[in-house]
Structure formats: structure tokens, C-alpha cells
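Undergrad: For reference, the structure I am asking about is given below.
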């Protein structure tokens, strides 16, 4: 459920294809245009997609997707989790591999954001989840142009960009181990993916074993969790009981080992509480 972009080795093989596909997607979409309007209740700018208008020539940011879904042009957060990931071929660190990650949470609203920058491709990936508007937005940008799609927020299909194939893991099993990471109490889970799994078939996702450290109480990092609508909370509880991991509060540490011996290690450098930050959708093209 969490969509990855990982190993620098894989990135180096697909960089040209990724850039070409992104540029084609951005410049070739001539049937949709992102329009900015204002929410009558909040006064905040929102984006709607019209299929009956023509896009501007080579726009810097195009947002498509479900035209019934509304998103804000900016979101306010006051908790930031700074992370990095490192990629290894066997025991050899991949130079200029891995990613820089920032995860933003709010203590006042039920929304969060994940920003990931690839060191190898210089590509930026943003994910915005807004429980109150029941919307999610995934953006990818390179060379100050970006595009993405907005859809209805669905816990079973949402896949924020994050290191490590988590969306293709099988059932998460508690090991019983507990640790404090950057002041947050976490517990360890172990999981595997399997080639015959429905979500892995016909993909290039290699066999992987994961050790994942997840906050024991989601409110610790995401106080705005309290404002998540009840039907989403019930779904999250059901998913956790069944052993799956709803991508709402992200891991603070994760170690992945692939079948070919490659490894990815994601760790938390710092967590900052109480520092206000407004994230604009257009930040991805700056």
C-alpha cells in the first residue's frame, strides 16, 4: 500500500525512462487543466480539474485525476520527521544512492504529507493525505516541472512514496521487541513479500524481508489523528488487527533485505515538534 522508489541501482537503470515518461506525461496532457478556486467555508484555495478546458503550453505543474475530489493549494503542519535512506549492494554502500525524506504531521488537522527526494535521479515525490476532505494527491517532479493525480482517499489502495516496497509486504508480525527512537516509543514488526501475491505478480518487485519499527501510539507523532473521521479510524483498527499496515503514521526505522542481497536502511535523523510549516503544492517545482 505504500508505493516505493528505491535502490539506487534500480534507479540508475531507469532514470532516463523515468524522466522521459514524466516529461511526456506533463507536456502531453492537453485535455485537462488544473483550476484554482476558493473554498466557500474555509477561504482556502482548492484545486479542481476540468476535462473541458485546454492545458497551457508546457505548464510547470499539472494535477489530474478525479474531478470530484478537492484539494487545498497548501497545508499547514507543526511536526516534522526528518529521515534518510541508504542503499547497499551486498555490504557496499551505493554512493549517491538512497533518499532524503521529510514527513509532516499536524496537531490540529487530520492531514499529513510525505516528501521524498531521490539522490540518484534528483526527482522529487510528494504525497498529501487529507482525511477531512477524503482526498489524496501524489506528485512527481523533475527539472522544475511536475504532475500528479488526486483521488479519493482509500486506505486499501493509497501508496505514499516511501523507501522500501512496504505496500507489497505480507502480514506484519510483531516480534515483541520495543525501542525508543528519537524520543518515540516504537515496536518492531517483521514481514515478507511473496512473488505469488496478487499485488506482486507482473511487477519487478523482488523478494524482500523487512524489519519495521512503528510508533506504538499514532497520536505521539500525529496528534491530528484524533480528528480522523470515525469510519477511517474503524478501518485502520481492522487493518491493524488483520496484520496489514495503514500508511498513516510512517515507520521511524526500517531495514529491508532483498533476495539478491541488496539492502535498504531508512532511519530517523530528527523530529521537530511545534514548528509551524506551510507546504505549498507548488514547492515541488521550486
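Undergrad: With (1) under 26 Å from residue 273 (Cβ atoms); (2) modelled with pLDDT of 90 or more; (3) assigned to a helix (DSSP H, G or I) as the list, and residue 231 as the residue in question, which single condition is left unmet?
TA: Condition not satisfied by residue 231: (1).
Undergrad: A follow-up question, please. Run down 191, 206 and say which single residue is modelled with pLDDT under 95, under 23 Å from residue 118 (Cβ atoms) and surrounded by 15 or more Cβ atoms within 10 Å (Cβ to Cβ). Give the derivation first.
TA: Working: 191 fails: under 23 Å from residue 118 (Cβ atoms).
Selected residue: 206, the only one of 191, 206 that is modelled with pLDDT under 95, under 23 Å from residue 118 (Cβ atoms) and surrounded by 15 or more Cβ atoms within 10 Å (Cβ to Cβ).
Undergrad: Could you please let me know if residue 139 is at pLDDT 95 or above, on the phi < 0 side of the Ramachandran plot, in contact with a helix residue (DSSP H, G or I) (Cβ under 6 Å, 6 or more places away or on another chain) and part of a strand (DSSP E or B)?
TA: So residue 139 passes the test.
Undergrad: While we're here: Does any residue in region 259-272 that is under 11 Å from residue 83 (Cβ atoms) come within less than 7 Å, Cβ to Cβ, of a residue that is assigned to a loop (DSSP other than H, G, I, E, B) six or more places away or on a different chain, and which pairs are these?
TA: Pairs found: 266/163; 266/164; 268/182; 268/252; 270/182; 271/182; 271/183.
Undergrad: Report yes if residue 197 is surrounded by fewer than 21 Cβ atoms within 10 Å (Cβ to Cβ), in contact with a helix residue (DSSP H, G or I) (Cβ under 9 Å, 6 or more places away or on another chain), more than 30 Å from residue 61 (Cβ to Cβ) and modelled with pLDDT of 80 or more, otherwise no.
TA: The answer is no for residue 197.
The values are calculated or read from the model by the stated rules, or taken from the named source; none is laboratory data. Please read these numbers as outputs of a predicted model, since none were measured by experiment. Cβ sites come from the backbone with ideal geometry, for glycine too, and all protein chains shown count toward neighbours.
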